Amino acid sequence: MENAKSEEARRHVDGYVDMTLNLRRIVYLSTAAKSLSDDVVSSIAMQAGTRNRITAISGILLSDGRRFIQVLEGSPFHVEATMKRIVHDPRHVDIKVAENVATDRRCFGTWSMQFRRVGDGYYSKDFVREVAEAARDIQDVSVKALLVGFAALGR
Ligand SMILES: Cc1cc2nc3c(=O)[nH]c(=O)nc-3n(C[C@H](O)[C@H](O)[C@H](O)COP(=O)(O)O)c2cc1C
């Protein structure tokens, strides 16, 4: 009950209300340029969350300390501008875009950039369920499987 209440509050604070149905979603995978400590990865995620809140980009960033998978969704202008900065970031390499589509709804609209460390005993059944639920509207089954599979690393 308490959880349901705080979940509702979080949605209220973080949820984005779109005035347009013209949205873009990008999903990509990348590899850390060198082994990154949890602190460095957390600071990347914190910086990402702060900037994304300003530009109303929602999504998720998962990392097992070596690889990243990220979903960015929001206005085409902001998503593309953010992606342009991300691909030039020397902290990761081998960036492979799994999906880049126009969409009329957000899958991760309540998360300005939900970050999770996965693998190495970080497995959380509830979190995997949340990701699977959020990814329900992703049409491409391989992209959906990629996201849920990454979230379930370490099981
Ligand atoms: C794996 C990874 C994910 C990132 N995700 C975001 C993000 O969602 N939003 C964002 O603004 N920056 C993100 N960044 C940081 C950007 O690459 C960039 O450093 C930051 O936006 C500042 O750019 P600027 O120095 O050109 O202003 C990410 C970086 C990495 C390595």
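Values as computed for the structure displayed
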item	result
In the range 59-79, residue nearest to the ligand (Cβ to nearest atom) [restricted to those that are in contact with a strand residue (DSSP E or B) (Cβ under 7 Å, 6 or more places away or on another chain) and assigned to a helix (DSSP H, G or I)]	V79
Residue within the range 81-90 that is of a type outside the set (A, V, I, L, M), more than 10 Å from the ligand (Cβ to nearest atom) and surrounded by fewer than 18 Cβ atoms within 10 Å (Cβ to Cβ) present	no
Boolean, R136 is charged (D, E, K, R), closer than 19 Å to Y16 by Cα and free of Cβ contacts under 8 Å to residues at least 60 places away in the same chain	yes
Of residues in the range 91-108 being exposed (fewer than 14 other Cβ atoms within 10 Å of the Cβ) and under 17 Å from the mean Cα position of the chain (by Cα), the one farthest from Y28 (Cα to Cα)	R105
D89 being under 25 Å from S43 (Cβ atoms), free of Cβ contacts under 8 Å to residues at least 12 places away in the same chain and of a type outside the set (A, V, I, L, M)	yes
Matching residues, the range 8-40, being over 18 Å from L147 (Cβ atoms) and either modelled with pLDDT of 95 or more or in contact with a strand residue (DSSP E or B) (Cβ under 9 Å, 6 or more places away or on another chain) (or both)	D14, G15, Y16, D18, L21, N22, A32, A33, L36, D38, V40
Pair list, Cβ < 8 Å and 6+ apart or interchain, from the range 47-58 residues that are within 6 Å of the ligand (Cβ to nearest atom) to residues that are in a helix (DSSP H, G or I)	R51/T82; N52/T82
Residue in the range 111-133 that is within 11 Å of the ligand (Cβ to nearest atom), touching a Gly at 6+ places or on another chain (Cβ under 9 Å), closer than 21 Å to S35 by Cα and not in a helix (DSSP H, G or I) present	yes
Subset of the range 140-152 [in contact (Cβ under 8 Å) with a residue 24 or more places away in the chain and either not small (G, A, S) or not in a helix (DSSP H, G or I) (or both)]	D140, V143, L146, L147, F150, A152
Where E80 falls short, out of the listed (1) in contact (Cβ under 8 Å) with a residue 40 or more places away in the chain; (2) closer than 27 Å to G154 by Cβ; (3) among the charged types (D, E, K, R)	(2)
Yes/no for E99 being acidic (D, E), more than 11 Å from the ligand (Cβ to nearest atom), touching a helix residue (DSSP H, G or I) at 6+ places or on another chain (Cβ under 8 Å) and in contact (Cβ under 8 Å) with a residue 12 or more places away in the chain	yes
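The values are calculated or read from the model by the stated rules, or taken from the named source; none is laboratory data. What you are looking at is a predicted structure, and each value in this text was computed from that prediction instead of being measured. Virtual Cβ from ideal backbone geometry, glycine too; neighbours counted across all protein chains shown.
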